[in-house]
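The values are calculated or read from the model by the stated rules, or taken from the named source; none is laboratory data. Bear in mind that the values here come from a model prediction, so they are computed numbers and not experimental data. Neighbour counts are summed over all protein chains in view; Cβ atoms, including those assigned to glycine, are modelled from backbone coordinates with ideal geometry. Please note that ligands, DNA and RNA were not included when accessible areas were found on the heavy atoms of the full protein model with its side chains. Shrake-Rupley method; radii C 1.70, N 1.55, O 1.52, S 1.80 Å.
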Amino acid sequence: PDLDFSVTGARAAADSAVPALAFRLALSRTGGGAVRSVSLTTDVRIDVARRGYDGADPLVLARLFGQPEQWATSMRPLTWARVTTVVPAFDERTELDLQVPCSRDMELAVTSYFHGVREGEVPLDFLFSGTVFHDGPDGRLRTAQISWSKDAAFRLPAGLWQEVTGRYDGGTSWLPLSPGTYGELTAHRDRHALTGWDETVADLLSRTSTTTAGGSTWTP
């Protein structure tokens, strides 16, 4: 059997422990016997060069791709996720949800990208591979590999990412810290009787701003 793929929609994944989007994936069979199951691997990438960036955050784009004059060569697809799923038996056509996690780790290029691109649509590429288990002409179980040329495109509204990640922990982002930096930050919080990490970082930023403006020095 020859399988074709298309992505027909996206929505927030229901009852997910982590932020995730559910992409509606349609599979159709041409030729061959009925499909008993598919062990499907999907690579999801952002084709960053396939849209304009008016209104996007220039600092985020510069961090990811350099200055605009470099974008012609520096804007390469960003790998978002690799998802493995098992497709149940079907004859000619079936649909299922492909759940893709949305990380809030700001060290990841994809997270930074969505932080800087909050409007319009984000062009996605879905690349498929895996094994098809199907009925042979004699009724016995056969296997076949999915062609590496199989893919599908989808344009995701950028606001949907923001909506999904905003549902978890107040939409906060994650910043990985070394043990030394974490210890210094904790000590600053305790010395100044600050109640939370957001307040602690805000206090440090405020002191830095004051120091820069006044030209004086301070001890945290």
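Quick look at the values:
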{"item": "Sulfur and carbon atoms: percent of accessible area, the chain [1.4 Å]", "result": "52"}
{"item": "Mean accessible surface per residue for the chain, computed with a 1.4 Å probe while every protein chain stays in place, in Å²", "result": "56"}
{"item": "Protection-proxy order for peptides 26-39, 56-69, each taking the mean of Cβ atoms within 10 Å per residue, highest first", "result": "26-39, 56-69"}
{"item": "Inter-centroid distance (Cα atoms) of the range 139-154 relative to the range 1-67, Å", "result": "17"}
{"item": "Estimated FRET transfer efficiency when R0 is 22 angstrom, pair Arg118-Ala12 (beta carbons, to 0.05)", "result": "0.85"}
